[in-house]
Protein chains: 4
Amino acid sequence: MSAANSIYILRIDCPDAKGLVHKITGVLYHHDSNVIRNDEFVDRTTGHFFMRTEFSGNIQPDKILQGLRGLLPDNSTISLTTTQTKKVVILATKEHHCLSDLLIRNKFQDLNMDILAVISNHTLLQELTERFSVPFHFISHEHLSREDHETEVLKTIQLYQPDYVILAKYMRILTPAFTSQYTNRMINIHHSFLPAFIGANPYKQAFERGVKIIGATAHFVNEDLDEGPIIMQDVIHVDHSKTASDMAQAGHDVEKIVLAKALKLVLEDRVFIKGNKTIIFE
Amino acid sequence: MSAANSIYILRIDCPDAKGLVHKITGVLYHHDSNVIRNDEFVDRTTGHFFMRTEFSGNIQPDKILQGLRGLLPDNSTISLTTTQTKKVVILATKEHHCLSDLLIRNKFQDLNMDILAVISNHTLLQELTERFSVPFHFISHEHLSREDHETEVLKTIQLYQPDYVILAKYMRILTPAFTSQYTNRMINIHHSFLPAFIGANPYKQAFERGVKIIGATAHFVNEDLDEGPIIMQDVIHVDHSKTASDMAQAGHDVEKIVLAKALKLVLEDRVFIKGNKTIIFE
Amino acid sequence: MSAANSIYILRIDCPDAKGLVHKITGVLYHHDSNVIRNDEFVDRTTGHFFMRTEFSGNIQPDKILQGLRGLLPDNSTISLTTTQTKKVVILATKEHHCLSDLLIRNKFQDLNMDILAVISNHTLLQELTERFSVPFHFISHEHLSREDHETEVLKTIQLYQPDYVILAKYMRILTPAFTSQYTNRMINIHHSFLPAFIGANPYKQAFERGVKIIGATAHFVNEDLDEGPIIMQDVIHVDHSKTASDMAQAGHDVEKIVLAKALKLVLEDRVFIKGNKTIIFE
Amino acid sequence: MSAANSIYILRIDCPDAKGLVHKITGVLYHHDSNVIRNDEFVDRTTGHFFMRTEFSGNIQPDKILQGLRGLLPDNSTISLTTTQTKKVVILATKEHHCLSDLLIRNKFQDLNMDILAVISNHTLLQELTERFSVPFHFISHEHLSREDHETEVLKTIQLYQPDYVILAKYMRILTPAFTSQYTNRMINIHHSFLPAFIGANPYKQAFERGVKIIGATAHFVNEDLDEGPIIMQDVIHVDHSKTASDMAQAGHDVEKIVLAKALKLVLEDRVFIKGNKTIIFE
């Protein structure tokens, strides 16, 4: 992490105080770093300060962290990382469109990630996954309690020690016991414009309500289904001629693009989480 | 209604049957009308047929209606109108942006409507309305029960015999006794992407949920608040830097444009209502 | 083509005349067909009539065509087809994103097409293509005149007798001798919002002009580069922080989605071409 | 400008150098100011630094400027202003939609501006303008050379000493002699997605090209018509059924919203101009 020409990402969040930007950039300046980009945001409602700085330089990360810790309050969150590729494991069920898109992006290194494995409770996506030379684990949920199935999945995930777990249309409800293992590190794509149409069959719900817009939401997973911090949302227009099934098909493209864009932001360390919200420096 | 070069709009909805388009266009053909535009749609889930035809010609409307009634099932809805301006009454409260936009469009005849009056439970918008030489009725809700207030408002609306009542940010909950007087003829603009954030303070709800998109919905009003048939929806992107109040301000433009676009469709007789859905021939 | 429960698509374009819809639907009615969907449009500026009808039934296509020919003017274009899969050949160069997306959709039959082969003047996309078990032809342009190279490519395309040729980021300028072989059957994705930034390096041009929106255009190819009938366009917002290379990367997703949406329309026989414009019944 | 609780906006652009953020925020810190929001951007292609800081505090502006001048290179641009309302003069011709929207926003103080006067070469918008109690100057171009007409207009503008001149559908070509009087202070709304359809009748051009999207562009005016730095662009989708005149009507709403959004950014001092580009801190 101390190579000569690395690019570093410094992330800080802490209670706001006077002079924070001046003091933090002072540490970087005195360690002779070149700031490439700097973003900060103060949330007025909570009085919380967020800052992300990209910089280069022949630095000693430990010295910079030490300097910052001396300046910032004890309850600050400080991280200093390089732009190295993140390790991810993907969970999917039967629908291919999000997984396909991620496998393609993985192959061509379009996202800052390395897909270590795909896990599914069905075998439908095995052939696709293996065409891309990515390990595929079939873990059937049949004849297993929800808890036992989750234990199996969790064991398999842990083999790979991923930075992030991606739910690419994984159609199983997860227990808090499971999601709490990857707090703020598990990302889901939900096929509606949350908080509309929470739960099962959102396209059917949308059709029955007669909406004129459908959408997709990428969010971190927390204990309450579909309630985690939202990263990215987008929508498309539909009209009366679309059936629930037409809507689902039309929604596939927006789902895969929203998931990919959200992952790009997360994998480039651009997303802060505070409560059930995200602060994103695009 | 029988002037030589009028443009007519024929609207039919009925249970679907073989040969409907052929038979209906046959009546028009034999009365020597020139079809300008024809749209039809069959809802496969309900087996219902919708058709809207714009045509010109030196016709006798009664003869055409008679010809159609002989062909179509008894429970068909048939209407034949000209493109005459619709009469509307607007209800508003304190926010000006939707009312302002409609007053401007009224002045320059951008929409196929004539605003006969504005009614409000506050006086804030009186000066604006009168600048446009439109009658303004202040009907305070103070010291009145909801029912008594609604009775007063209803009496005033009825003075004008409007074709449509427009709720341009009218911030009072309406009772079924009121809304049932204008079934399928009362249009509301709701400041969220329904069905997300039903009810009061949708921007505050959106802020607290941390959504990345906010929207507006124009819909017909029925007995259940925010549950009527949706005509038009649109959205804008927001980020973490927006407070609830910033979102409200940013939302004003999308509200006024969505309402105006929905009204354009309704006022040009392009919208059919079936159950809680709309079929729209744009 | 006369199987009992086939779905048929009838397409007609001809000079407008009174009673066309009535007469055409009469032929269908008398042959006992069930109209699933019917769209028509009359271009007022040219007085031209377009109609597309989807229907089912145990029909004899020849009889229907004969009946229509008796009714319609001699210079009418009439086609009656089933919804069978179209055969396509793809040309690409080095960029993978459009080809990848089409190979995935082909594998999962998301579009009404069968990719018979991929042809490229580079070998970069060979491994990807072959992972999907699609034949790949490398035809280098080096040491060949433009004409000779095109002759080689054309010969290879002709081996497959495709219905459509898709230019999925094929970065070679084509001569009229080449494009005239597939008039109205060759579709290109251009990486700008045409007619802005015609020609080479549109993202560089966009960056230099400082635009706030970039886009993509799917169009039929005719003799003038980037001047053919437009099928579909879409855009994304960009800001000052994006370099030309960032714009290119951000543009990849909109390019691939616009191309796929345009192909869906074309492959479902929803697109009419008249002069340099398209009439599309979505 | 030295009131106790004013909000100040500091804007700096200069060649990039190490430690700029640290040094600049140091000056603010030592003068006991509270930074509300801070944005900076370094253009890598030109090596130029841009920074905008909103802060409050009981400060002496002169001392802060003096401190900054001692730190920054001689060719830096430094400004320190309060958030006071900007004075604007509007030029219009016959179309009302942009002017109407600005008059409404002016009346309700939705934008940080005060419209001092409207100037037009026609009388059509006089009655509207005067309804809002804004002075209207009719300066006919008939019987005058372009230069003489511009001289008259310029003289009238100068009576009001505006901060900005807004061309709200002013349909006269301006000479460099005129535009050079308000370099970087004159904003135009062009009714196309620039650089597509430069010049006259963009909707007619769009119709003839058969585009599927139309747009609007708000930009600063420089010597070359339609070539100035772009502030904001947006688009709407259209289809084959829209005539040039339908496109113009549909475009009105996007024009007025794009102009209003661009003005909001400019009037809040969020826009930097460098060459023919804008850097915008939203």
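Relative to the other identical copies, C:Gln126 shows label-point distances of 3.2, 7.7, 8.4 nm, where the label point lies 7 Å from Cα along the Cβ direction and values run shortest first. Taking the longest Cα principal axis of chain C as reference, the axis of helix C:61-71 is set at about 80 degrees. Count charges around A:Glu95 for me, please; just the other residues with Cβ under 12 Å from its Cβ, Lys/Arg as +1, Asp/Glu as -1. Around A:Glu95, the surrounding residues sum to 0. For D:His122, nonlocal amide neighbours, meaning residues 5 or more places apart or on other chains whose placed amide H falls under 5 Å from its own, are D:Ile139. When the accessible areas of B alone and C alone are added and the area of the pair subtracted, with a 1.4 Å probe, the result is around 1500 Å², both sides summed. A simple spin-label model places the labels of B:Ser133 and B:Glu147 4.2 nm from each other, with each point 7 Å out along Cα-to-Cβ. So for region B:34-172, considering every pair of alpha-carbon atoms, how many percent are separated by more than 25 Å? For region B:34-172, the share of Cα pairs beyond 25 Å comes to 48 percent.
Of the three principal axes defined by the Cα atoms of chain D, the extents in descending order read 60, 40, 35 Å.
Take the Kirkwood radius over Cα pairs of region B:104-223, plug it into Stokes-Einstein at 37 °C and 0.692 mPa s, and you get 205 µm²/s for translational diffusion. Secondary structure note: in the protein assembly as shown, about 70% of the DSSP beta bridges are antiparallel. Gyration tensor analysis over the Cα atoms of region B:235-282 returns equivalent ellipsoid semi-axes of 30, 12, 8 Å (largest first, whole Å). Shielding of peptide B:237-249 by partners, expressed as the average count of other chain Cβ atoms within 10 Å per residue Cβ, is 3.
Taking Cβ atoms as reference points and 14 Å as the exclusive limit, the residues near C:Gly275 contribute a net charge of -3, counting Lys and Arg as +1 and Asp and Glu as -1. Restriction of the trypsin sites (Lys or Arg not before Pro) in region D:28-90 to DSSP coil positions whose beta-carbon has at most 15 other beta-carbons within 10 angstrom yields D:Arg44. Considering only chain D, the C-beta nearest to the rotation axis that sends D to C is found at D:Ala196, 2, the distance in whole Å.
Let me see the pair-distance distribution of the protein assembly as shown: every alpha carbon pair, 20 Å bin width, integer percents in order. All Cα pairs considered, the percentages come to 10, 37, 39, 12, 1.
Restriction of the GluC sites (Glu not before Pro) in region C:100-200 to DSSP coil positions whose beta-carbon has at most 10 other beta-carbons within 10 angstrom yields C:Glu142. Here the relative contact order of region C:82-125, from alpha carbon pairs under 8 Å that lie six or more residues apart, stands at 57 percent. One equal scatterer on each Cα of region C:7-82, no solvent, Debye formula: the resulting log10 I(q)/I(0) at q = 0.14, 0.24, 0.26 Å⁻¹ is -0.39, -1.16, -1.36. Three principal axis extents describe the C-alpha atoms of region B:175-282; from largest down they are 41, 31, 18 Å. Computed across region D:162-218, the Kirkwood hydrodynamic radius from all distinct Cα-Cα pairs reaches 12.6 Å.
Just checking the listed ones, C:Ala196, C:Ala260, C:Ala248: in the Gaussian network model of chain C with Cα springs under 10 Å, the one fluctuating most is C:Ala196.
Taking amide H as placed 1.01 Å from N in the peptide plane, D:His240 has its amide H under 5 Å from the amide H of C:Ile280, each at least 5 places away in sequence or on another chain. As an exercise, use a Förster radius of 45 Å and the Cβ-Cβ distance of B:Gln126 and A:Leu159 to find the FRET efficiency, rounded to the nearest 0.05. Step by step, r from the Cβ atoms, then E = 0.05.
The values are calculated or read from the model by the stated rules, or taken from the named source; none is laboratory data. Here the structure is a predicted model, which is why all the values come from computation and not from measurement. Positions of Cβ are backbone-derived with ideal geometry, glycine not excepted, and every protein chain shown enters the neighbour counts. Accessible surface areas use protein heavy atoms only, side chains included; no ligands, DNA or RNA. Shrake-Rupley method; radii C 1.70, N 1.55, O 1.52, S 1.80 Å.
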